[in-house]
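The values are calculated or read from the model by the stated rules, or taken from the named source; none is laboratory data. Everything quoted here is computed from the prediction, not taken from an experiment. Neighbour counts run over all protein chains shown; Cβ positions are idealised from the backbone, glycine included. Only protein heavy atoms, including side chains, enter the accessible area calculation; ligands, DNA and RNA are left aside. Shrake-Rupley method; radii C 1.70, N 1.55, O 1.52, S 1.80 Å.
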Amino acid sequence: MRLLLVACATTTARALSTSSSVRLDKFLNDASVAASRAACSQLVKQGRVAVDGVVAKRAAAKVPADARVTVDDVLVEPLPLLWVYHKPIGVHSTLSDDRGRPDLAAVAPRKAHPVGRLDADTSGLLLFSSDGAL
């Protein structure tokens, strides 16, 4: 079985899920701060964007995964990522099973949470999200 990433911000998702970094203008655009990367670059040039409390000078600067990015002192959070998985019969909708039964640990993306659950004796669509509150 394969997982399908269904978020629009796939480049940012890939970079941030591997604890890497991504360009600041790309991060801002993927978070829907402005309509285009050029508009995001303008925000940086105007001095309205800060990374970890320091005003950003370059839109092409790399942003680490754990950086705190703000625009006009408002925190920018990346869009939550969603993965779709077709759960087969016999797999339990949990990330770990203390009884040794088949579970979702083998297919779950790193730092992803299952959204909802399906009984072990059913198959069907199951979502994973990078947002634990979802």
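Near the amide H of Asp103, under 5 Å away, which other amide H atoms are found, from residues 5 or more places off or on another chain, if H is placed in the peptide plane?
His92
Given 4 °C and 1.567 mPa s, how large is the Stokes-Einstein diffusion coefficient of the chain in µm²/s, with Rh as the Kirkwood radius over Cα pairs?
Estimated via Stokes-Einstein, D reaches 79 µm²/s.
Which one, Pro64, Gln46, Ala106, projects farthest toward the positive side of the charge dipole computed for the range 29-125 from Cβ point charges (K/R +1, D/E -1)?
Looking along the dipole axis, the top candidate is Gln46.
Taking amide H positions as placed 1.01 Å from N in the peptide plane, with prolines and chain starts having none, which residues 5 or more places from Val115, or on another chain, fall under 5 Å of its amide H?
The answer is Leu127, Phe128, Ser129.
So with the 1.4 Å probe, I'd like the accessible area per residue for the chain, rounded to whole Å².
For the chain, the solvent-accessible area averages 60 Å² per residue.
Could you pull out every one of the lysines with an alpha carbon less than 20 Å from that of Lys87, ignoring same-chain neighbours closer than 8 positions?
Those lysines meeting the cut-off are Lys111.
Amide H of Arg23: which non-local residues (sequence gap of 5 or more, or other chain) have their own amide H closer than 5 Å, using H built in the peptide plane?
Close amide H contacts, sequence-distant or interchain: Val63.
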